[in-house]
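J.: Got a structure for you, questions after.
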Amino acid sequence: MDIESWGRQNPIKKESWRTVIALAYQSLGVVYGDLSTSPLYVYKSTFAEDIQHSESNDEIFGVLSFVFWTLTLIPLLKYVFIVLRADDNGEGGTFALYSLLCRYTRVSTLPNGQLADEDLYEYKNDRNLSADRIGMSLKSTLEKHRFLKKILLILALIGTCMVIGDGVLTPAISVFSAVSGLELSMAKHHHQYVEVPVACVILVFLFFLQHYGTHRLGFLFAPIVITWLLCISAIGVYNIIHWNPHVYQALSPYYMYKFLKKTQRGGWMSLGGILLCITGSEAMFADLGHFSQLSIKIAFTFVVYPSLILAYMGQAAYLSKHHVIASDYHIGFYVSVPEKLRYPVLAIAILAAVVGSQAIITGTFSIIKQCSALGCFPRVKIVHTSSKIHGQIYIPEVNWTLMVLCLAVTIGFRDTKHISNASGLAVITVMLVTTCFMSLVIVLCWHKNVLFAICFIFFFGSIEALYFSASLIKFLEGAWVPIVLSFIFLGVMYSWHYGTLKKYEFDVENKIPINWLLTLSPNLGITRVRGIGLIHTELVTGIPAIFSHFVTNLPAFHQVLVFLCIKSVPVPHVRPEERFLVGRIGPKEYRVYRCIARYGYRDIHMDDVEFEKDLVCSIAEFIRSEGRGHSFEAVEDIDANERLTVIGTTSTHIDGIRICEDNGELTHVDTEMIEISSPEVPRKRVRFLVPESPQMDASVREELQELMEAREAGMAFILGHCYVRAKRGSSLIKKLVINIGYDFLRRNCRGPTYALSFPQASTLEVGMIYHV
């Protein structure tokens with residue numbers, strides 16, 4: 001089930017119906033597992049305490065009416081018909097909306113942005129579209145005020161934190177509710193000692209399986225969810241026909257009015273339970289990158305939506321004729337299941353709950369990877385569990401943290417009432433953030449009249465605000481959990497982002513002018529040694545202070561010097577042919593280059609061997625193109641008077657330079673190639689195969705030969721090891737964030753991926769204290 005291949009590698013513009021149906025089938029297992037299992041706990045959570053099921057059936061019919069219109073307005077109308085259109089080059093989710101706004105309004109807090117990034121293929125910023133005067137005024141206001149930029153960032157982080165909180169709460173409530181079917185087959189005093197341990201065992205097993213990757217069991221996900229949807233819809237139809245064929249009348253909005261009029265404050269508070277019928281709706285947008293819009297719309301509109309409506313109507317029809325159940329058991333899903341089918345349904349429900357939990361857990365991994373790529377989350381180990389499906393990742397630290405928190409919630413609360421209160425608040429907060437961002441997207445990205453944005457945020461925002469207030473009022477009854485978790489994760493994410501930003505600002509303020517490099521000469525005792533010196537820096541212009549610190553203490557550097565910046569840009573993917581920006585620092589005879597490697601927030605970084613080869617080839621291709629008097633695509637860097645050339649990876653050089661090492665074998669064979677080889681035979685032989693070109697003069701050939709000899713001599717990696725401290729006179733809050741928060745995270749998080757892949761024997765760390 002190679003769902004990633006339908007994305008960036010094989011973009012689908014005009015899908016055949018066979019392709020659309022195949023994607024819709026796959027999306028049922030990946031996207032809708034959480035949403036499909038909501039009938040397990042919605043009625044049980046709604047009638048937990050605030051309202052009672054009476055003989056008049058006003059309560060049960062009112063709840064059914066609320067469920068129907070909530071499912072219709074939020075997932076169907078808002079997400080399927082509106083929000084799904086706001087994709088970021090095929091990617092969805094909270095951070096996709098934020099990155100979309102960052103590109104159109106330049107409110108990004110990423111410090112090392114360049115004008116050259118706006119020329120990327122996926123940087124679809126169509127400024128030629130006309131916007132009204134209010135939209136232009138709003139854009140100008142957001143770009144001018146730093147405070148508003150921080151508000152947008154904090155909103156995106158809050159939405160992300162609530163998604164992480166949902167990753168803790170959804171597995172707990174899904175598995176716990178599925179296991180609760182055991183209460184109908186054993187005595188009450190036995191049930192309370194069985195339900196929690198069984199749920200905990202299933203949860204441990206679920207998180208333990210994460211490191212195997214979903215691709216190993218992915219082919220089972222869709223059949224499980226389809227079986228579950230057929231099961232609940234068939235039981236729903238049976239209950240409607242057998243118990244109350246007139247239950248369809250409760251779909252009228254009039255029953256919502258009757259419900260609120262009769263129950264008043266209790267009915268308002270019970271909305272926190274009704275809200276759970278749309279949990280998992282955000283997954284439609286978050287997992288958009290794995291599927292197409294049409295496939296997700298078809299799967300929800302024609303399969304998931306009618307199945308859920310039938311399931312809820314069937315439960316209401318059964319409960320409308322059974323009013324004494326509440327005295328023995330909580331009102332729940334299993335009481336409406338025919339007795340002979342309860343055990344098979346219980347088994348299917350547990351499997352469906354596991355699938356639904358799997359979806360939110362992998363979604364949590366994905367959003368944390370996005371945040372980490374954009375500098376908003378500490379670096380963690382990211383394991384790609386599939387060589388074919390790039391979207392499937394596993395993060396060990398996050399996985400075990402989620403498991404511990406999930407078990408703590410399950411053991412601590414021991415019932416669905418408190419867990420549902422917590423889950424409801426997390427779900428509705430993410431939706432509110434999406435609504436706020438969407439209103440800005442309508443004006444700033446779609447260039448629609450501001451009236452449309454006002455109507456959107458007023459209509460959907462008022463509905464979600466009503467549910468939000470009902471969830472927030474239950475703060476002491478479980479809703480405090482996502483708030484506490486969000487504050488913890490928000491503190492971690494903002495501290496890391498703030499420290500990273502201050503560190504970069506220090507680098508910018510203390511960078512060395514290029515003229516300083518030009519003054520270095522053998523007369524000052526500076527020597528050049530064989531090999532390539534790769535100096536990693538966050539700067540895209542100028543020379544980092546860490547290099548002057550290095551040269552001052554050790555007056556020597558390599559014959560070929562490369563200032564390497566590996567940066568993330570606010571797009572999902574960067575095409576291989578746009579990977580590198582290469583330029584020259586100083587005169588040609590200095591052999592000093594700048595190379596900027598650009599990655600999107602969903603891109604996979606190349607391994608060290610391939611990256612080294614691509615890096616050397618990109619420099620060689622830059623030298624050749626410069627010697628020919630033209631380049632592929634050049635951009636000016638006004639601040640540093642540098643000219644950078646856009647060069648792709650080796651695989652994109654159709655008529656470019658190839659590099660051969662050791663055995664000299666080539667995977668791509670060109671018909672007319674000339675060989676530039678070293679007169680010496682060192683430990684590792686390196687050759688450049690260059691297409692025959694009469695324009696190549698002696699100086700270009702000489703420079704390529706020096707680069708090749710330097711590559712043969714070896715590559716040294718010079719990394720900065722900085723200690724960030726708040727400078728004297730800083731506020732107490734800044735000292736706490738920098739000296740304690742950021743320092744603790746820096747010491748305990750993993751190093752950069754590229755740094756971990758460098759050979760230890762060839763790596764040199766240069767320590768330096770940053771006072772920010």
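The values are calculated or read from the model by the stated rules, or taken from the named source; none is laboratory data. On a predicted model such as this, the values are computed, not experimentally measured, just so you know. Every residue, glycine among them, receives a Cβ derived from its backbone with ideal geometry; neighbour counts consider all protein chains shown. Areas reflect the complete protein model, heavy atoms only, side chains present, ligands, DNA and RNA absent. Shrake-Rupley method; radii C 1.70, N 1.55, O 1.52, S 1.80 Å.
J.: Could you list, in their original order, any pairs among LYS78/LYS258; LYS369/LYS734; LYS150/LYS735; LYS381/LYS567; LYS44/LYS474; LYS369/LYS503 whose Cα atoms are separated by more than 23 Å?
T.: Violating the 23 Å limit, Cα to Cα: LYS78/LYS258; LYS369/LYS734.
J.: Here's a follow-up. Return the long-range amide H neighbours of LEU719 (sequence gap of 5 or more, or a different chain), with a cut-off of under 5 Å between placed amide H atoms.
T.: Placed amide hydrogens put LEU764, GLU765, VAL766 under 5 Å from LEU719.
J.: Through the Karplus equation 6.51 cos²θ - 1.76 cosθ + 1.60, θ set to phi - 60°, convert the phi angles of the stretch 723-736 into ³J(HN,Hα) values in whole Hz; use x for Gly and Pro.
T.: 10, 8, 9, 6, 6, 4, x, 6, 5, 4, 5, 5, 5, 5
J.: Which order do the peptides 146-159, 459-472, 592-605, 718-731 take when ranked by the mean count of other beta-carbon atoms within 10 Å per residue, highest first? Each step should come with its number before you reach the end.
T.: Working: 146-159: 17.1, 459-472: 18.6, 592-605: 21.6, 718-731: 15.2.
Order by mean packing, descending: 592-605, 459-472, 146-159, 718-731.
J.: Along the stretch 246-256, what does the Karplus equation 6.51 cos²θ - 1.76 cosθ + 1.60 (θ = phi - 60°) give for ³J(HN,Hα), rounded to whole Hz, x for Gly and Pro?
T.: Working through the residues one at a time gives 8, 5, 4, 4, 6, 6, 5, x, 4, 5, 5 Hz.
J.: A follow-up question, please. Amide H neighbours of ILE566 under 5 Å, at least 5 residues apart or on other chains, H built in the peptide plane: list them.
T.: THR537, ALA597
J.: With every protein chain in place, what's the accessible area of TRP516 (1.4 Å probe, Å², nearest 10)?
T.: Accessible area of TRP516: about 70 Å².
J.: Rounded, prolate or oblate: which fits the stretch 392-519 when a ≥ b ≥ c are the square roots of the eigenvalues of the alpha-carbon gyration tensor, with rounded for a/c under 1.5 and prolate only if a/b beats b/c?
T.: Details: a/c = 3.10, a/b = 1.36, b/c = 2.28.
The shape class here is oblate.
J.: Further question on the same structure: Write down the Å³ per residue value for the convex hull defined by the alpha carbon atoms of the stretch 223-355. Write out the running numbers ahead of the final one.
T.: Numbers: hull volume 18.8 nm³, N = 133.
About 141 Å³ per residue, rounded to a whole number.
J.: Right, next: Ordering TYR305, TYR334 from largest to smallest accessible area (1.4 angstrom probe), what's the sequence? Write out the running numbers ahead of the final one.
T.: Values: TYR305 35, TYR334 15 Å².
Output order, biggest surface exposure first: TYR305, TYR334.
J.: Please arrange THR19, THR552 by accessible surface area, largest first, computed with a 1.4 Å probe and ligands excluded. Write out the running numbers ahead of the final one.
T.: On the way: THR19 30, THR552 110 Å².
Putting THR19, THR552 in descending order of accessible area: THR552, THR19.
J.: Report ILE619's accessible area, 1.4 Å probe, all protein chains in place, as a number in Å² to the nearest 10.
T.: Number for this one is 10 Å².
J.: Apply the Karplus curve 6.51 cos²θ - 1.76 cosθ + 1.60, θ = phi - 60°, to the phi angles in the stretch 158-164 and return the couplings in whole Hz, x for Gly and Pro.
T.: 5, x, 5, 4, 5, 5, 4
J.: Treat every Asp and Glu Cβ in the stretch 541-609 as -1 and every Lys and Arg Cβ as +1, leave all other atoms uncharged, and give the resulting dipole magnitude about the Cα centre to the nearest 20 debye. Walk me through the numbers before you get to the answer.
T.: On the way: 9 positive and 6 negative charges, 44 e Å.
Computed charge dipole of the stretch 541-609: roughly 200 debye.
J.: Continuing with this model, one more query. How much length would be gained if the chain were fully extended between THR19 and TRP480, taking 0.36 nm per residue of separation minus their Cα-Cα distance, in nm to one decimal?
T.: Numbers: separation 461, 0.36 × 461 = 165.96 nm, distance 4.41 nm.
Working it through step by step, the gained length comes to 161.5 nm.
J.: Let me know the Kirkwood hydrodynamic radius for the stretch 273-319, please, with Cα pairs as the basis and the value in Å to one decimal. Present the calculation step by step, with values, prior to reporting the outcome.
T.: Numbers: mean 1/r = 0.0828 Å⁻¹.
About 12.1 Å for the stretch 273-319.
J.: Work out, step by step, the length gained on full extension between SER252 and VAL204: first 0.36 nm times the residue separation, then minus their alpha carbon distance; give nm to one decimal.
T.: Details: separation 48, 0.36 × 48 = 17.28 nm, distance 4.31 nm.
That works out to 13.0 nm of additional length.
J.: Separate question: I'd like to compare 267-274, 697-704: which one has the highest average count of other Cβ atoms within 10 Å, and what's the full order after that?
T.: The packing order, highest mean first, is 267-274, 697-704.
J.: Given a 1.4 Å probe and every protein chain left where it sits, what share in percent of the accessible area of the stretch 329-451 is carbon and sulfur? If you can, show how the numbers build up before the last one.
T.: Values: 2670 of 4060 Å².
Carbon and sulfur together cover 66 percent of it.
J.: Kindly sort ARG584, ARG750 by accessible area of their heavy atoms, largest first, with the probe set to 1.4 Å. Each step should come with its number before you reach the end.
T.: Numbers: ARG584 30, ARG750 95 Å².
Reading off the accessible areas and sorting them downward yields ARG750, ARG584.
J.: Something else: Using R₀ = 30 Å, calculate the FRET efficiency as 1/(1 + (r/R₀)^6) where r is the Cβ-Cβ separation of ILE411 and ARG750; round to 0.05. Could you put the intermediate results ahead of the total?
T.: Numbers: r = 30 Å, r/R0 = 1.00.
Taking R0 as 30 Å, the efficiency between ILE411 and ARG750 is 0.50.
J.: Can you list the residues, at least 5 places off or on another chain, whose amide H is less than 5 Å from the amide H of VAL724, using H built in the peptide plane?
T.: Amide H neighbours of VAL724: TYR770.
J.: Relative to the present Cα-Cα distance, how much length would full extension add between LYS588 and ARG725 at 0.36 nm per residue of separation? The partial results should precede the final answer.
T.: Values: separation 137, 0.36 × 137 = 49.32 nm, distance 3.85 nm.
So the extension gain works out to 45.5 nm.
J.: Label-point separation (nm) for HIS323 and ILE82, each offset 7 Å from Cα along Cα-to-Cβ?
T.: 4.0
J.: Which values of log₁₀ I(q)/I(0), to two decimal places, follow from the Debye formula for the stretch 203-276 at q = 0.11, 0.16, 0.22, 0.27 Å⁻¹ with a uniform point scatterer at every Cα?
T.: Debye output, listed in q order: -0.60, -0.87, -1.03, -1.15.
J.: Same structure again: Between ARG133 and LEU466, take the C-beta separation as r, use R0 = 45 Å, and let me know the FRET efficiency to the nearest 0.05.
T.: Details: r = 33 Å, r/R0 = 0.74.
According to the calculation, E is roughly 0.85.
J.: Suppose every K and R has +1 on its Cβ and every D and E has -1 on its Cβ; what is the size of the dipole of the stretch 39-105 about the Cα centre, in Debye to the nearest 20? Could the numbers behind the result be given before it?
T.: On the way: 4 positive and 8 negative charges, 84 e Å.
Value, rounded to 20: 400 debye.
J.: Order of 540-546, 292-298 by packing, highest average Cβ count within 10 Å first? Let's see the in-between values first.
T.: Details: 540-546: 23.0, 292-298: 21.0.
Most protected by this proxy first, the peptides run 540-546, 292-298.
J.: May I ask you to give the solvent-accessible area per residue for the stretch 524-595, in square angstrom, as obtained with a 1.4 angstrom probe? Walk me through the numbers on the way to the answer.
T.: On the way: 2040 Å² over 72 residues.
In whole numbers, the stretch 524-595 has 28 Å² accessible per residue.
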